[in-house]
1. Excluding same-chain residues fewer than 8 positions from K125, which aspartates and glutamates have a Cα within less than 17 Å of its Cα?
2. Given a 1.4 Å probe and heavy atoms of the protein chains only, how would you sort R188, R62, largest accessible area at the top?
3. For the chain, which DSSP H helices look membrane-span-like by this rule: Cα extent along the axis of 24 Å or more and mean Kyte-Doolittle of at least 0.0?
4. Would you work out which of S137, V292, V205 lies farthest towards the positive end of the dipole of the chain, given +1 charges on the beta-carbon of Lys and Arg and -1 on that of Asp and Glu, about the Cα centre?
5. Within the accessible area of the stretch 120-252, what % is carbon and sulfur when the probe is 1.4 Å and the other protein chains stay in place?
6. Considering only protein heavy atoms, with the full assembly of protein chains and a 1.4 angstrom probe, order T140, T259 by accessible area, largest first.
7. Give me the net charge of I288's neighbourhood, meaning all other residues with Cβ under 13 Å from the Cβ of I288; Lys, Arg count +1, Asp, Glu -1.
8. As a test of reading the structure, rank V235, V114, V33 by solvent-accessible area (1.4 Å probe, protein chains only), most first.
Amino acid sequence: MPLHSSSGRWRLGLALSLLTVFLWGILPIALMVVLQDLDVYTLTWFRFLVAFGLLAVYLAVRQQLPKLQQLRLPSLGLLAIATIFLGLNYLLFLQGLAQTSPSNAQVLIQLAPVMFGLGAIAVFKERYTLRQWTGMSVLTLGFALFFHEQLRTLITAPSKYLLGSSLLVLAAAMWAVYALAQKQLLQRLPSSSIMLMIYGGCALVFTPVATPQTILSLSPLHLGMLLFCGLNTLVAYGAFAEALDHWEASRVSAVLAATPIFTVLSVWGVSSIMPNLIAPERLTVLGILGAVLVVSGSIAIALGRARQS
């Protein structure tokens, strides 16, 4: 199977990547609120089900539903890999989020685009320049500094934080595998068709362990946040899939690494206005510096001139 190459419309790819950053940046706050009254399995199932239903209606109206003859055996294998690993990513991220905090979860999950970018270099033969490798070093230093400060200033038990952080690192690895499979699937199918099948497959996988009846007992606030999470899934991953079609995977991954800044700012704003809803983050100066280094490193990677052999 030939490898996928981007369309070259980098401005569109950049805009879609930034939209994804914004939506993923504010998502942990909504998830944290919903987890107060709903279990991780039902929340994950609902997000995939809503995204699948809305996207299916949209594609049906436009007469763009995927056809079975578009699939070949290699595509089915990649589709299964993408579905399984995205489902695991969602589940592990929620479990890690529940045991740490929104900002911590969003910073650590940024290992996902880093792993994705490195995977793109290995699989799709994309190449980093010296500037990009320097950015990767800055990014790594930022991760290390942020993690060290979070561990040093913990309120909760260190063992709980380490377990949650470990789950987030595993979630990042699951996402990187999904994203690489998703990019290669674009060689045969449009992004909307791929996401429809992945959403449907993930919803089906989580159906046996979900408890939909608990949704009926949610308060208006928690129900609203739950609906937002479902819509966020559809729009954010749709934008991400389209970005991969127009821009190099290594560039997309670099922009996505800037997501923590939106989460940190969002948590600060929400906790200042509604402290009973989201607890304020205990970020030190060095912790903030670590987050800034993560963002700075990602910008250096994005602005570096990537070559593709």
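The values are calculated or read from the model by the stated rules, or taken from the named source; none is laboratory data. Keep in mind that what you see is a predicted model, and the values were worked out from it rather than measured. Because the Cβ atoms are built from the backbone with ideal geometry, glycine has one as well, and the counts that use them run over all protein chains shown. Please note that ligands, DNA and RNA were not included when accessible areas were found on the heavy atoms of the full protein model with its side chains. Shrake-Rupley method; radii C 1.70, N 1.55, O 1.52, S 1.80 Å.
1. Partners found: D245, E248.
2. So the residues, ranked largest to smallest area, are R62, R188.
3. For the chain, where a helix must reach 24 Å along its axis and average at least 0.0, the hits are 10-34, 40-61, 73-99, 130-152, 158-185, 220-246, 285-303.
4. S137
5. C and S atoms contribute 72 percent here.
6. The ranking, largest first, comes out as T140, T259.
7. Net local charge, I288 excluded: -1.
8. If we order V235, V114, V33 from most to least accessible, we get V235, V114, V33.
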